[in-house]
Structure formats: structure tokens, C-alpha cells
Amino acid sequence: YFNKARRIVIRPDHFCAWLASFVGKKNHKLFFLFNFWGVIYISLFCYSCVRTLFETIFTIGSDTLLFFAIGIFYTVLGFSFFCLTGNFLQQNLRQITLNRTQFEIMKNMPALLHRMHPWYKNWEEVFGSISEWYLWLLPIPAFRGIDDYTLATIKFPTDKHI
């Protein structure tokens, strides 16, 4: 139970200021996917900005300088966001694989022996059953149809969702 949130958070990972919400078991997959697809999107955006800047260099015109300055601004902004989401993604990948949460790391909690499993079992804690691995990168809730009590008491989801 968290006083600030006035609710119980199942397997809290961290409080996300951007979402103004806790990232826990019910929305951890969606947080991961935001970063995963965000890195792909922003890398394509940065590529198109750099390509446009190179094309602008070889274009002579009266408004070329203004367009070039705006292009540099967007490129720097895009690269900064790429670094931010890339760092979140890298941290998240490592923590999911090791079955550690940011909350545990911040509180200096030791690794719990009962949570040391093969990597794919750790990924099931976030993405749902491995039998539905093809849904892991889609923005579909991992534990759809499972109530909060069941979600809080089971270690790993079963192959068949309730």
C-alpha cells in the first residue's frame, strides 16, 4: 500500500513522473512497450532529420538558414529523447531479465532467492504466458481477465487466462 497513491500496487517497479502513476505488474508491459517502440520511432525521426539537414546544406535559398536552424533544433531534441528512452529501455531489459524492480534497487533490497528463475520465467512476470509470446510486443494487457487478488497471489500466470 502506498500512501501517495492511496492504493495497493502489485509488484511496484517505480513511480513514473511522466505518467503520474506507479508502474507495476498491471502496466509494466505497456511501460516497456512505450520505450521499445519509442526508441524505434525516435531513431527513424532522427535519421530523417539528419537526412533533411544534409539536403538543406546543398540547397541555396533565402530561408535556408532558418530551416537549417529549425532542423538542428529538432535533431538535437530527437537525439536527446532517443538517449532518454534508450536508457530506460536498456535498464528495463536488464531488470526484467534479472527479475528485479527499480523499487527494490532504490530501497537496497537484496535479490530474493525465490524469484530467481530462468530468464523466460522472469519475462512472464511482465509480459504474460510464454505460450502467447507472439503478443509480447503488442499493446495488449499481459494479464487480461485476471482479477487483482489472483494476480497478487500467483507467482506466474497459467497458460490459459481466466
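Assorted remarks:
- FRET efficiency, 1/(1 + (r/R0)^6) with R0 35 Å, evaluated for L138 and R94 via beta carbons: 0.95
- Couplings 3J(HN,Hα) of the stretch 127-138, computed from phi: 9, x, 4, 5, 5, 10, 4, 5, 9, 4, 9, 9 Hz, in residue order, whole Hz [Karplus 6.51 cos²θ - 1.76 cosθ + 1.60, θ = phi - 60°; x for Gly and Pro].
- Å² of accessible area per residue within the stretch 26-132, as computed with a 1.4 Å probe and no ligands counted: 64 Å²
- Across the protein chains, with a 1.4 Å probe defining accessible surface, the residues L151, L138 rank L138, L151 from largest area downward.
- Taking a straight Cα-Cα cut-off under 14 Å and skipping sequence neighbours fewer than 8 places away in the same chain, the aspartates and glutamates within cross-link reach of K121 are E132, D159.
- Accessible surface of the chain, 1.4 Å probe, proportion on carbon and sulfur as whole %: 69 percent
- Correct option for semi-axes √(5λ) of the Cα gyration tensor in Å [calculated from the coordinates] among [x] 40, 17, 14; [y] 29, 18, 15; [z] 26, 19, 13: [x]
- Given 11 as the ceiling on other Cβ atoms within 10 Å, longest exposed-site-free region of the chain for chymotrypsin sites (Phe, Trp or Tyr not before Pro) in DSSP loops: 59-162
- Solvent exposure, largest accessible area first (probe 1.4 Å, DNA, RNA and ligands not counted), of H14, H28: H14, H28
The values are calculated or read from the model by the stated rules, or taken from the named source; none is laboratory data. Here the structure is a predicted model, which is why all the values come from computation and not from measurement. With ideal geometry, Cβ positions are generated from the backbone for all residues, glycine too; neighbour counts draw on all protein chains shown. Heads up: the accessible areas ignore ligands, DNA and RNA and are worked out on the full protein's heavy atoms, side chains in. Shrake-Rupley method; radii C 1.70, N 1.55, O 1.52, S 1.80 Å.
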